[in-house]
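Just below is one structure, and these are the notes that go with it.
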Amino acid sequence: MRATDRSTGRSSMAARPMLVALTFDVDAESGWLGQGEHFKGRLTTLSEARYGVIRGLPRILSLLAEFGAAATFYIPGYTAEKYPEAVQSILQAGHELAHHGYLHKSSIAISEQEQLEELARGIDALKATAGITPRGYRSPAWELTPTTFGLLCDHGFKYDSSMMSDDRPYFESYDGRSIVELPVHWTLDDWPYFAWSEYAGGGRLTDPREWADIWYSEFEAARGDSRTITYTMHPEVTGRGGRMVALEGLMRRMANDSSVRFVTHSELADIFEAGLPIQPVR
């Protein structure tokens, strides 16, 4: 795949917003069930995943409301069907819903037909539970295949958020087709810092304040480069009590900059594709 950069407009002396995208992958049990039938019998593992919907999500929505911050929630279709009330709570709070597969199956682990089914079932689930057709997509495990890339184009998705060719919005291209890319990175994802299981290990940090400091340094770097930044979180991970305190502190530090504006990925994609200047001029 080839990354194509694009000008975002001429500089001016007028202050422009520093756009920050907070995104949440509401995997719940699908994050494990998509790995195999054997996880159906691992009740404790599934209960930890369910915590993200029961406790993590309400905490996150409350914090976002406190800051008047818009966010994007990537929802697997299975999660939407199992927790329609959670889907409605996100919508009623004014946030964006986007596509995150159906059963959170990694594209590289399934056939072309299964990739089509994952995409189609995820779309149908969001239509049925939220009454919306998602504009954006994020691949489970952040791994796109040529098949899935083509399916996104075929189904008219506005943007993807799975790739890493740049740290600014850009056009990702493959086989003569393109889509707006809102890039991600593992350093801007809560999972490598905190998530742990007996099956995969993990959990590199124990102090949420260290994580918040790392993410704030990334924010400062983005601000210094005059670019946007996307953070990725999971309600079952960041939604734990102490981490929510750290996230609140991080948001407060960012919000102290009057140029900061929290935006959805759909907003960011529209601004980028329109060729408008989307970063502050410093």
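The values are calculated or read from the model by the stated rules, or taken from the named source; none is laboratory data. What you see is a predicted model, and the numbers here were worked out from it, not measured in a lab. Because the Cβ atoms are built from the backbone with ideal geometry, glycine has one as well, and the counts that use them run over all protein chains shown. What goes into the accessible areas is simple: the full protein's heavy atoms, side chains included, and nothing from ligands, DNA or RNA. Shrake-Rupley method; radii C 1.70, N 1.55, O 1.52, S 1.80 Å.
Evaluated against (1) modelled with pLDDT of 95 or more; (2) over 16 Å from the mean Cα position of the chain (by Cα), residue 231 falls short on exactly one condition, (2).
Among the residues of the stretch 218-228, those identified as outside any loop (DSSP other than H, G, I, E, B) and either more than 14 Å from residue 17 (Cβ to Cβ) or open to solvent by less than 10 Å² (accessible area, probe 1.4 Å) (or both) are 218, 219, 220, 221, 222, 224, 225.
Would you say residue 71 is modelled with pLDDT under 95 and among the aliphatic types (A, V, I, L, M)? Here the answer is no, as residue 71 does not meet what is asked. Residue check: residue 143 meets all listed conditions (1) more than 15 Å from the chain's Cα centre (by Cα); (2) open to solvent by 50 Å² or more (accessible area, probe 1.4 Å); (3) of a type in the set (Asp, Glu) but one, namely (1). Taking the stated definitions as given, is residue 243 at pLDDT 95 or above, crowded, with 21+ Cβ neighbours inside 10 Å and in a helix (DSSP H, G or I)? Spelling it out, residue 243 is indeed at pLDDT 95 or above, crowded, with 21+ Cβ neighbours inside 10 Å and in a helix (DSSP H, G or I).
Scanning the stretch 51-63 for residues that are in contact (Cβ under 8 Å) with a residue 60 or more places away in the chain and open to solvent by 20 Å² or more (accessible area, probe 1.4 Å) yields a total of 3. Residues of the stretch 206-213 include none that is farther than 16 Å from residue 189 by Cα and of a type in the set (Gly, Ala, Ser).
Against the criterion of being at pLDDT below 90 and part of a helix (DSSP H, G or I), residue 49 qualifies. Meeting the requirement of 1 or more residues that are within 19 Å of residue 54 (Cα to Cα) and touching a residue at least 12 places away in the same chain (Cβ under 8 Å), the helices (runs of 4 or more DSSP H) wholly within the stretch 67-158 are 77-82, 84-92, 112-130.
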